[in-house]
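Beneath this line is the structure, given in structure tokens, with notes to follow.
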Amino acid sequence: MTRDVTILTEADLRKAVPLDLAAVDCIERAFRELGGGKVVMPPVLSMELPAANGEVDVKTAYIPGFDSFAIKVSPGFFDNPLIGLPSLNGLMILFSARTGLVEALLLDNGYLTDIRTAAAGAVAARHLAPSEVETAGVLGTGVQARLQMQAAHLVRPFRRALVWGRDRNKAEACARDIASLLGIEAAISESPAALAAQAQLVITTTPARAPLLQTGALRAGMHITAMGSDQAGKNEIAPAILAAADLYVCDRISQCETMGELSSACAASLQAQVSPVELGSLLYGTAHGRQSDSDRTICDLTGTGVQDTAIATLARDAAMRLGLGATIGV
């Protein structure tokens with residue numbers, strides 16, 4: 001018996017799923033369901049390939065009420081630019097949650113991962129950043145630096161942006177892009193500390209393996225979203241910052257213990273001083289969020305399978321409405 005499988009290319013998916021409030025709301029719903037305790041989400045399968053300076057992550061989750069679930073394969077081969085190839089690519093496979101049959105192949109080359117990661121940052125900013133943000137700052141100058149600022153602006157329309165990067169030319173280019181995209185003032189900062197001293201919302205997007213932000217960077221009323229630490233050994237903020245925060249939120253505590261900022265706190269024997277809650281629990285109403293605009297808050301985002309199922313389902317449904325993609329019989 002022949003059945004149809006939908007094939008969606010990156011070009012199709014870019015038309016179907018922009019970074020907008022619909023994407024943010026989709027990811028927020030996924031985290032809320034995760035907080036309800038009925039989501040099935042196994043640990044991340046992660047494989048390093050040192051000989052090729054590469055890594056591969058596999059993530060998935062089943063969300064009750066969703067007709068489908070996704071398995072996402074995300075390779076990163078970081079020497080590829082030396083031979084004219086992108087360092088990141090990947091795809092998502094969408095399966096029926098009722099029969100387990102393949103419904104769609106989403107050949108996104110990492111685009112949907114970029115969108116769902118930025119949308120998670122917006123969810124964090126929506127629920128944890130102070131109600132008024134004048135200045136937002138980002139550490140890093142890559143794709144996520146731009147997308148995270150775009151996403152945060154959807155929920156906290158700040159008037160000024162600051163960018164820090166190790167390469168001044170890249171930082172200046174990133175600031176120009178943010179200014180053009182958002183229609184706001186954007187400038188570079190000379191150091192992570194200088195950026196943190198001026199911003200009410202700080203987003204870290206780097207692959208750093210030593211802290212860029214030290215304890216003194218955490219000020220009253222500030223929110224930090226740390227999303228660069230998605231592999232063991234990465235670390236963007238000093239472990240003591242987690243202990244000093246009024247509220248520390250993880251996308252998944254068990255993941256953050258092994259691959260997020262919490263892993264560095266554990267390595268420094270500071271875990272007893274840290275009391276993390278999960279973003280899903282906060283959204284579901286079983287954990288408290290920011291209590292006042294003077295609170296110092298942190299959100300540690302390592303990337304979860306529940307985000308992948310949510311964004312893949314959104315993308316497939318939007319593409320079908322728009323008549324995008326191709327169908328093959330299998």
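The values are calculated or read from the model by the stated rules, or taken from the named source; none is laboratory data. Note that the structure is a prediction, hence the values are computed from the model and not measured. So basically every Cβ, Gly included, is an ideal-geometry build from the backbone, and we count neighbours across all protein chains shown.
For the condition of a type in the set (D, E, K, R), crowded, with 22+ Cβ neighbours inside 10 Å and within 23 Å of Leu324 (Cα to Cα), what is the one hit in Asp108, Asp4? Spell out the reasoning first.
Values: Asp4 fails: crowded, with 22+ Cβ neighbours inside 10 Å.
Within the list Asp108, Asp4, the selection yields Asp108.
In the set Leu322, Leu247, which member is of a type in the set (A, V, I, L, M, F, W, C) and touching a Gly at 6+ places or on another chain (Cβ under 8 Å)? Quick ask: steps written out before the conclusion?
On the way: Leu322 fails: touching a Gly at 6+ places or on another chain (Cβ under 8 Å).
The unique qualifying residue is Leu247.
Got at least one residue in the range 248-258 being over 18 Å from Ala124 (Cβ atoms) and of a type in the set (D, E, K, R)?
The answer is yes; a qualifying residue exists.
Need the failing condition index for Ile27 against (1) of a type outside the set (Phe, Trp, Tyr); (2) free of Cβ contacts under 8 Å to residues at least 60 places away in the same chain; (3) surrounded by 15 or more Cβ atoms within 10 Å (Cβ to Cβ); (4) out of contact with any Leu (no Cβ under 6 Å at 6 or more places or on another chain), just the number.
(2)
In the range 33-53, which residues are buried (at least 18 other Cβ atoms within 10 Å of the Cβ) and of a type outside the set (Asp, Glu)? Can you show your working first?
Narrowing the range 33-53 to residues buried (at least 18 other Cβ atoms within 10 Å of the Cβ): 33-35, 39, 41, 44.
Selection gives Leu34, Gly35, Val39, Met41, Val44.
Just to check your reading of the model, which residue among Leu195, Leu218, Leu212, Leu201 is more than 21 Å from Val143 (Cβ to Cβ), buried (at least 21 other Cβ atoms within 10 Å of the Cβ) and among the hydrophobic types (A, V, I, L, M, F, W, C)?
Values: Leu195 fails: more than 21 Å from Val143 (Cβ to Cβ); Leu212 fails: more than 21 Å from Val143 (Cβ to Cβ); Leu201 fails: more than 21 Å from Val143 (Cβ to Cβ).
Residue meeting the stated conditions: Leu218.
Listed here are the residues, each with its yes/no results for (1) in the same structural domain as Ile298 (by TED's automatic domain parsing); (2) assigned to a helix (DSSP H, G or I); (3) under 29 Å from Met259 (Cβ atoms).
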| site | (1), (2), (3) |
| --- | --- |
| Ala124 | no, yes, yes |
| Val138 | yes, no, yes |
| Ala152 | yes, yes, yes |
| Leu162 | yes, no, yes |
| Leu181 | yes, yes, no |
| Ala196 | yes, yes, yes |
| Thr206 | yes, no, yes |
| Gly216 | yes, yes, yes |
| Arg219 | yes, no, yes |
